[in-house]
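Bear in mind that the values in this text are calculations on the coordinates, not laboratory data. As the structure is a prediction and not an experimental result, all values here were calculated from the model. With ideal geometry, Cβ positions are generated from the backbone for all residues, glycine too; neighbour counts draw on all protein chains shown.
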């Protein structure tokens, strides 16, 4: 039985990706404010809808419990640009986008 060279190449690439520093999770957003969790959830929604994996975790900052959103290092710049665009568009754009998905 012949081996599938594409499958072998794919498994080699997966091993390479798994050991890459580009997949190290780095902080994108940190907050210790009372509405930090809500903002973190909104950020995660933006990231998820654009195919960027993220982790939201509770983390203590200077003795105060806070929230943190982390993304893979290789996606950090893209995630930052998405957040800048979302903040620039403001809440009106979010409401319009939500309304468009409901109908």
### Summary
Footprinting proxy, 56, 71, 64: sorted fewest to most Cβ within 10 Å, the residues are 64, 56, 71
### Task
State, to one decimal in nm, how far the label point of residue 89 lies from the label point of residue 59, with both points 7 Å from Cα in the Cβ direction.
2.6
